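The values are calculated or read from the model by the stated rules, or taken from the named source; none is laboratory data. Computed from a predicted model, the values in this text were never measured in an experiment. Glycine gets a Cβ as well: all are built from the backbone with ideal geometry, and neighbour counts include every protein chain shown. Ligands, DNA and RNA are stripped out before the accessible areas are found, and what is left, the full protein with its side chains, is counted by its heavy atoms. Shrake-Rupley method; radii C 1.70, N 1.55, O 1.52, S 1.80 Å.
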Amino acid sequence: WLGDDNISSKQLEFKCCGETLRLAKRGAETAYVDGKLYSLVKQGAAEWTIESVPVWKTPAAKARELGRAVVITLEKDHPTSKNHDTKLAKGHWPCVIKGHPTIDVDMLPATELELA
C-alpha cells in the first residue's frame with residue numbers, strides 16, 4: 001500500500017534485474033521493497049501497475065478500505081511444476097523476498113491454472 005493517494009507512477013522507481021527487486025519513491029531514503037528475490041525471475045518480464053485494492057490501512061483497522069497499491073507481476077525463471085506422484089506442486093516460493101515472512105508451501109496443490 002502506497003499510503004499516499006497522490007503518488008503517480010512517474011514518482012516511483014522500479015527495478016527488477018533477475019535476482020533483486022526494488023520499489024521506492026524517487027528521492028526517498030527508504031524503499032517500499034528492496035531485496036534479493038527467493039529465486040530468479042525472467043529478465044524484462046516484470047510488470048507493475050498502481051491499482052485501487054482493498055488494504056488494511058492501519059494495524060488496528062477492523063475492515064479493509066480501498067487504497068492505492070503497486071501490483072507487481074513476475075515470471076519465474078523456473079516455473080512451478082506438478083509432482084505426478086502426489087498431485088502437489090513443486091517450485092512454489094515460500095516468500096518473494098528472502099528474509100521476509102514465509103508460508104508453508106509443502107501442501108499447495110498444482111492446479112492447471114497455476115501451471116498455465
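What does the charge dipole of the chain about its Cα centre add up to, to the nearest 20 debye, if the Cβ of each Lys and Arg holds +1 and the Cβ of each Asp and Glu holds -1?
Values: 16 positive and 16 negative charges, 40 e Å.
Computed charge dipole of the chain: roughly 200 debye.
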Note to self: Mean-square fluctuation check for the chain, GNM, Cα pairs under 10 Å: which of Ala61, Ala45, Ala24 is largest?
What the structure shows: Ala61
Margin query: Here is the link list: Lys57/Lys98; Lys62/Lys90; Lys57/Lys90; Lys42/Lys62; Lys10/Lys57. Which ones come out longer than 28 Å on Cα distance?
Written below: Lys62/Lys90; Lys57/Lys90; Lys42/Lys62
Item checked: Exposure ranking of Arg64, Arg22 by accessible area [1.4 Å probe, largest first] -> Arg64, Arg22
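Counting only protein chains, not ligands or nucleic acids, how are Trp93, Trp56 ordered by accessible area (probe 1.4 Å), most first?
Values: Trp93 45, Trp56 135 Å².
From most exposed to least exposed: Trp56, Trp93.
Of Ser9, Ser81, which has the most accessible area and how do the rest follow, probe 1.4 Å? If you can, show how the numbers build up before the last one.
Working: Ser9 65, Ser81 45 Å².
So the residues, ranked largest to smallest area, are Ser9, Ser81.
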Notebook entry, point to check: Tell me, what is the 1.4 Å probe accessible area of Val96, in Å² to the nearest 10?
Noted result: 80
